[in-house]
Amino acid sequence: MAKTIEKKVLNTQQPDEKGFFGNYGGAYLPPSLVGVMQEITDSYMQIKDDPAFVEELTYLQQTYSGRPSPVYYAKRLSEAVGGAKIYLKREDLNHTGAHKINHCLGEVLLAKRMGKKKVIAETGAGQHGVALATAAALLGLECDIYMGDVDVAKQAPNVRRMQVLGAKVVPVSRGTRTLKDAVDAAFEAYLQDPVTTMYAIGSVVGPHPFPMMVRDFQSVVGREARQQFLDMTGSLPNHVVACVGGGSNAIGIFSGFLDDPEVDIIGVEPGGRGPANGDNAATMTYGTPGIIHGFSCYLLQDKDGEPLPVYSIASGLDYPGVGPQHCYLKDIKRVKYEVATDRDALVAFYDLSRLEGIIPALESAHAIGYAIKVAAKMSPEQTILVNLSGRGDKDMDYVMEHYPLEAYEEQKLLVK
Ligand SMILES: *Cc1c(COP(=O)(O)O)cnc(C)c1O
């Protein structure tokens, strides 16, 4: 893994053969994993255009996940904002309630084709664990999910979902007993048996080929959305907006519009409580280049290169790194990355619920919150397409406890 980084001109969609998007990505691996990861890359490159694989994946997307998900014009929200028209790509309507099923189906199908018996992964809030356990149940593979003790206690409903779906939830009781430690434990387990198992990463992060592969599986969102939007309005949106944790839902919708220079693309990072270290997880806004979990990216890190603690009200967004393709798109200025705070997300959570009858995931509410602010400064002929990555049922208890309805109602609706 000599890292002489070649500065090549890439197009915006493909990494080079070593998995680099510009200076970001690659595969920084212990020697024992190099061959294993190469095997995943080779199998994926062979299978991805195989008509039988594409047909099976498409069949499951349509008959099991419920694709295509609709694009919806949020009329009441747009009128209340009084600016640009806001449209939503409804990934919240997928089976399991979010976009994660898109890449989990792809990853488990690949594992099955490679003759693997088991998929393993880490999970933080449990969303990736549930989506993976679902795909594993569907396709008849075993599934082990590593989860920090602290998260196991906090996320009891998702732990039970995984167990009902037949997955084994393995509690991790080292370090901070949260996501980062779960990743380490899952990787160790994978190292012990890389022949019969496959690691199924939960976003466009980790070593090559995962950022490319997960992106490819999510790109169905962008392909659908572009065509649906054209059919509905006769033109492309002025802005495309999505929240960015690791970056999978964002790159999924962005990839449909990267080659349309007239479309402004904006990724929204979790601004949390503010810019201080430990108060947010806005990796590209406040971070610097570094290495985490086998790849290079913008990273929230201390002076020794150790990842800093991160925070967001949306547990699906609090990761100190971010997908390498996003880092590259930021540097070449094709995509702008902005911040929405906890408060922006909470207001959007209630606004979308009250005005449209759609309760968004707190993750997705970051994108809605940003869109509301920007739409207010635009004209009614202009349009914003937001990827609504998931539904908010999982967040109800937390929001009601920490940000009760009275507080929302005092502030009245919208765009303050
Ligand atoms: C996990 C999750 C995210 C964050 O993951 P990305 O890889 O950044 O998309 C966003 N929205 C929802 C609903 C999630 O469950």
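All of the numbers you see were taken from the coordinates with simple rules; none came from a lab. Keep in mind that what you see is a predicted model, and the values were worked out from it rather than measured. Note that each Cβ is placed from the backbone with ideal geometry, even for glycine, and that neighbours are counted across all protein chains shown.
Can you give me the relative contact order of the chain as a percent, contacts being Cα pairs under 8 Å and 6 or more apart?
Normalised by residue count, the contact order of the chain is 19 percent.
Which one of Q192, G202, V214 is farthest out on the positive end of the charge dipole of segment 184-237, using unit charges on Cβ (Lys, Arg +1; Asp, Glu -1) and the Cα centre as origin?
My answer, from the dipole projection, is V214.
Treat every Asp and Glu Cβ in segment 88-228 as -1 and every Lys and Arg Cβ as +1, leave all other atoms uncharged, and give the resulting dipole magnitude about the Cα centre to the nearest 20 debye.
Here segment 88-228 has a charge dipole of around 340 debye.
For A137 and M400, calculate 0.36 nm times their separation in residues minus their Cα-Cα distance, and state this gained length in nm to one decimal.
Difference between extended and current length: 91.4 nm.
Rank by packing, highest mean first: peptides 126-138, 170-182, with packing defined as the count of other Cβ atoms within 10 Å averaged across residues.
Ranking the peptides 126-138, 170-182 by packing returns 126-138, 170-182.
With point charges of +1 on the Cβ of Lys and Arg and -1 on the Cβ of Asp and Glu, referenced to the Cα centre of the chain, which listed residue (A153, V34, T63) lies farthest in the positive direction of the dipole?
Sorting the options by dipole projection puts first T63.
Report the extension gain between Q62 and E306 in nm, rounded to one decimal, defined as 0.36 nm multiplied by the number of residues separating them, less their alpha carbon distance.
Length difference between fully extended and current span is 83.6 nm.
Mind checking the dipole of the chain: about its Cα centre, +1 per Lys or Arg Cβ, -1 per Asp or Glu Cβ, Debye to the nearest 20?
Charge dipole, the chain, about its Cα centre: 260 debye, nearest 20.
Around A156, what is the net charge, scoring Lys/Arg as +1 and Asp/Glu as -1 over all other residues with Cβ under 12 Å from its Cβ?
+2
Just to confirm a number: summing +1 for Lys and Arg and -1 for Asp and Glu over residues other than S69 whose beta-carbon lies under 14 angstrom from that of S69, what do you get?
Combined, the nearby Lys, Arg, Asp and Glu give +4.
If you take the charge dipole of segment 266-358 about its Cα centre, with +1 on Lys and Arg Cβ and -1 on Asp and Glu Cβ, which of Y337, C297, P307 is farthest toward its positive end?
Farthest along the dipole direction, towards plus: Y337.
Mind checking the dipole of segment 259-416: about its Cα centre, +1 per Lys or Arg Cβ, -1 per Asp or Glu Cβ, Debye to the nearest 20?
The calculation lands at about 320 debye.
If I take every Cα pair under 8 Å that is 6 or more residues apart in segment 288-410, average their sequence separation and divide by the length, what percent do I get for the relative contact order?
Reported relative contact order: 17 percent.
How far is it, in nm, from the label point at T12 to the one at R174 when both lie 7 Å from their Cα along the line to the Cβ?
It is 4.1 nm.
So if R0 is 41 Å, what FRET efficiency would D331 and K75 give, r being the distance between their Cβ atoms, rounded to the nearest 0.05?
0.65
Excluding F53 itself, calculate the net charge of residues whose Cβ lies under 13 Å from the Cβ of F53, where each Lys or Arg counts +1 and each Asp or Glu counts -1.
Its environment carries a net charge of -3.
Can you tell me the Rg and Dmax of the chain, counting just the alpha carbons, in angstroms?
According to the Cα coordinates of the chain, Rg and Dmax are 20.0, 59 Å.
Relative to the present Cα-Cα distance, how much length would full extension add between Q382 and E55 at 0.36 nm per residue of separation?
Net length gain for the segment: 114.0 nm.
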